[in-house]
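Enquirer: I have a structure I would like to understand better, so I am pasting it below and will then ask my questions one at a time.
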Amino acid sequence: MGPDGAPSQSVPWRKVLWEWQPFPDNYVDQRFLEELRRNEGIRQYRYWAVVKEAGFVGQQLSCVAIFITLWFYMEQGLLAPETLFWTSLTCALLGYGLYQALTSQTESCSDHRTHLADSQSAALFLSFTFGFSPVLKTLTESVSTDTVYAMSALMLLAHLVSFPYAHPSPPGSLSLNAALFASVCLASRLPGALHTFAMLTCALLVFALWPCLLQRIRANAPGQFTGVCVGVCVGGVGGLGSQSLGGAVLLSLALVSVTLICPLLLVRLQRHKDNIHGPWDEAEIHEDLSRFLH
């Protein structure tokens, strides 16, 4: 297999560059396609395994819906800020206890943080948030409400897009900052400073602490992971449905698409994958060269 006018095979062709040969530069012999390899290292996916992993994406969508639902209740005066704060604090303490219970001995030895250090960090955050709540409440007074809502929607979308679903503990800085920015924007439209403080505390619980606990459940209690994701999704749809039936329908369609339809498409399209490898690939050095670094 070579260009027309190639020399006869009386002179054997060798795949070398350091000697002259009576062949064109683009010449290859009949052995060229013998080294063709197809779909080397392709990972085969199972549908329900992909659905289980996609549950993390679905529950994160539901977490955003739950947060928005709580904001609606706060804005309409149906939920007192004291109730939201003490509920968030109770959930945080229960979640912290569950997180410690699910921590293996190896992980406990590698983590040098103590309970006292965690308590100090929590107290510092609550103190600063409570002290700056009046400032945060008036932070967007000069900005129109429509602009605030648009910025919040855009930041929550950025949070979902940039969230590190493979390794969400701790959440990515871009994802977390986008969620907290949206939380500050929404909280500034609530009636009082105490509402802002309670809403920001809830935002920290939903967007920063909950992903860490869910990742620990996925790693150390995989049997309960699916049930937790389903429960969060049901809570998100139910909560949003209490405020907007259309929003609940849209969220349900999004959850079905993300957790059921997209995994099915991935598994179905995997069989049509056709990657080829051969002598035209770039050279790879497999030898350990670390000895040359010393």
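The values are calculated or read from the model by the stated rules, or taken from the named source; none is laboratory data. Predicted model, so just to flag it, every value in this text is computed and none were measured. Here the Cβ positions follow ideal geometry from the backbone for every residue, glycine too, while neighbour counts run over all protein chains shown. Accessible surface areas use protein heavy atoms only, side chains included; no ligands, DNA or RNA. Shrake-Rupley method; radii C 1.70, N 1.55, O 1.52, S 1.80 Å.
Enquirer: Which residues, taken from region 83-92, are surrounded by 11 or more Cβ atoms within 10 Å (Cβ to Cβ) and over 13 Å from C212 (Cα atoms)?
Expert: Selection gives T83, L84, F85, W86, T87, S88, L89, C91.
Enquirer: May I ask you to list pairs of residues, at least six apart or on different chains, whose Cβ atoms are under 7 Å apart, with the first in region 250-274 being without any contact (Cβ under 8 Å) to a residue 60 or more places away in the chain and closer than 28 Å to V64 by Cβ and the second being in a helix (DSSP H, G or I) and open to solvent by less than 70 Å² (accessible area, probe 1.4 Å)?
Expert: Pairs that qualify, where the first residue is without any contact (Cβ under 8 Å) to a residue 60 or more places away in the chain and closer than 28 Å to V64 by Cβ and the partner is in a helix (DSSP H, G or I) and open to solvent by less than 70 Å² (accessible area, probe 1.4 Å), are S252/V237.
Enquirer: Please go through region 161-175 and pick out each residue that is of a type in the set (A, V, I, L, M) and under 10 Å from the mean Cα position of the chain (by Cα).
Expert: Within region 161-175, V161, A166 meet the criteria.
Enquirer: Oh, and also: So how many residues does region 127-142 have that are free of Cβ contacts under 8 Å to residues at least 12 places away in the same chain and in a helix (DSSP H, G or I)?
Expert: 5
Enquirer: Please verify whether T196 is of a type in the set (S, T, Y) and crowded, with 20+ Cβ neighbours inside 10 Å, treating the condition exactly as stated.
Expert: Here the answer is yes, as T196 does meet what is asked.
Enquirer: With (1) of a type in the set (K, R); (2) over 17 Å from the mean Cα position of the chain (by Cα); (3) closer than 27 Å to Y96 by Cα as the list, and R218 as the residue in question, which single condition is left unmet?
Expert: Result: R218 fails condition (2) only.
Enquirer: Give L93, L78, L36 a once-over and let me know the one that is of a type in the set (A, V, I, L, M, F, W, C), touching a strand residue (DSSP E or B) at 6+ places or on another chain (Cβ under 8 Å) and either without any contact (Cβ under 8 Å) to a residue 60 or more places away in the chain or over 30 Å from A193 (Cα atoms) (or both).
Expert: When all the criteria are applied, what remains is L36.
Enquirer: Determine whether region 173-188 contains at least one residue that is assigned to a loop (DSSP other than H, G, I, E, B) and either over 24 Å from T147 (Cα atoms) or polar (S, T, N, Q) (or both).
Expert: yes
Enquirer: While we're here: I need the full set of residues from region 188-218 which are without any contact (Cβ under 8 Å) to a residue 60 or more places away in the chain and more than 15 Å from F125 (Cα to Cα), in order please.
Expert: Correct list: S188, Q215.
Enquirer: Filtering region 76-111 down to residues that are farther than 30 Å from Q243 by Cα and outside any helix (DSSP H, G or I), which residue is modelled with the lowest pLDDT?
Expert: Checked region 76-111; the qualifying residue modelled with the lowest pLDDT is D111.
Enquirer: In this structure, is A158 in a helix (DSSP H, G or I), under 30 Å from K52 (Cβ atoms) and more than 15 Å from the chain's Cα centre (by Cα)?
Expert: No.
Enquirer: Out of S142, S188, S173, report the one residue that is under 27 Å from Q215 (Cβ atoms) and either among the β-branched types (V, I, T) or at pLDDT below 95 (or both).
Expert: Going through S142, S188, S173 in turn, just one is under 27 Å from Q215 (Cβ atoms) and either among the β-branched types (V, I, T) or at pLDDT below 95 (or both): S173.
Enquirer: Restricting attention to region 245-277, which residues are loosely packed, with under 14 Cβ neighbours inside 10 Å, in contact with a helix residue (DSSP H, G or I) (Cβ under 7 Å, 6 or more places away or on another chain) and over 24 Å from K52 (Cβ atoms)?
Expert: If the condition is that a residue be loosely packed, with under 14 Cβ neighbours inside 10 Å, in contact with a helix residue (DSSP H, G or I) (Cβ under 7 Å, 6 or more places away or on another chain) and over 24 Å from K52 (Cβ atoms), then no residue fits.
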